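Scroll down for the structure; my scribbles are underneath it.
The values are calculated or read from the model by the stated rules, or taken from the named source; none is laboratory data. Predicted model only: the values in this text are computed from it and were never measured. As a convention, Cβ positions derive from the backbone with ideal geometry for all residues, glycine included, and neighbour counts pool all protein chains shown. These area figures cover heavy atoms from the full protein model, side chains too; ligands, DNA and RNA do not enter into them. Shrake-Rupley method; radii C 1.70, N 1.55, O 1.52, S 1.80 Å.
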Amino acid sequence: MTALIIEADSHITEPADVWTSRVASKDVERVPHVFRDKDGRDVWVLNDVKIDMVGVSAPAGWEDFLASYPPGFDEVHPGAYSSAERIKYMDQADTWAQVPYPNIAGFGAQWFLSMNDGKLQLECVLAYNDFRHELVSVAPRRLIPNVSLPF
């Protein structure tokens, strides 16, 4: 009999367009977005401040884990950001369900607090919750939803 594991501390690597595809075009540079730096790394940025490299939140399967991280989306495991690929990986790892937590927004959406626009903060939280709803809808019994609350 295979053990059915419910992983209560899993994380999702947000796709690069989580916020930019869900806010008005005039605000795209004002929300978390990804750019490729001069060293070829995909980096999350908000308010001209580097949040982190994409690969830091997706080291699964990376051979040099802790010495380095995947430099960009092209090198991370697709299960880091794709629901369908995550379910395939969970099947291989005998994991029945996961609770996928955020990475870039922060557990309490604290990165949004650095924004000086309350309306845009709320739009970011709502956009993120829409993304998570889409994420878990692929397998709602296996990808257990949680939400970010505006504050």
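Candidates in the stretch 6-33 are the residues that are at pLDDT 90 or above and hydrophobic (A, V, I, L, M, F, W, C); of these, the one that is nearest to Gly72 (Cα to Cα) is Ala16.
Among the conditions (1) farther than 20 Å from Tyr128 by Cα; (2) small (Gly, Ala, Ser); (3) at pLDDT below 90, Gly55 misses just one, which is (1). Of the residues contained in the stretch 123-133, none is found to be among the aliphatic types (A, V, I, L, M) and touching a strand residue (DSSP E or B) at 6+ places or on another chain (Cβ under 7 Å). Restricting Val49, Val34 to those that are surrounded by fewer than 20 Cβ atoms within 10 Å (Cβ to Cβ), of a type in the set (A, V, I, L, M) and within 21 Å of Gln121 (Cβ to Cβ) reduces the list to Val49. Only one entry of Gln121, Gln98 meets the criterion of being more than 30 Å from Arg30 (Cβ to Cβ) and crowded, with 18+ Cβ neighbours inside 10 Å, and that entry is Gln98. Residues in the stretch 77-112 that are modelled with pLDDT of 80 or more, within 15 Å of Thr13 (Cα to Cα), touching a strand residue (DSSP E or B) at 6+ places or on another chain (Cβ under 9 Å) and part of a loop (DSSP other than H, G, I, E, B): Pro102, Asn103. Of the residues making up the stretch 18-31, just one is open to solvent by 100 Å² or more (accessible area, probe 1.4 Å) and hydroxyl-bearing (Ser, Thr, Tyr), namely Ser25. Close contacts from the stretch 119-139, counting a first residue that is assigned to a loop (DSSP other than H, G, I, E, B) and a second that is open to solvent by less than 50 Å² (accessible area, probe 1.4 Å), with Cβ to Cβ under 6 Å and a gap of 6+ residues or different chains, come to Val138/Ser83; Ala139/Ile87. Among the residues of the stretch 124-142, those that are surrounded by 14 or more Cβ atoms within 10 Å (Cβ to Cβ) and farther than 19 Å from Leu4 by Cβ comprise Cys124, Val125, Leu126, Ala127, Tyr128, Asn129, Phe131, Arg132, Leu135.
The set of residues from the stretch 1-10 being surrounded by fewer than 16 Cβ atoms within 10 Å (Cβ to Cβ) and in contact (Cβ under 8 Å) with a residue 12 or more places away in the chain comprises Thr2, Ala3, Leu4, Ile5, Ile6, Glu7, Ala8, Asp9. Taking the criterion of being open to solvent by less than 50 Å² (accessible area, probe 1.4 Å) and without any contact (Cβ under 8 Å) to a residue 60 or more places away in the chain, the residues of the stretch 101-117 that qualify are Gly106, Gly108, Ala109, Phe112.
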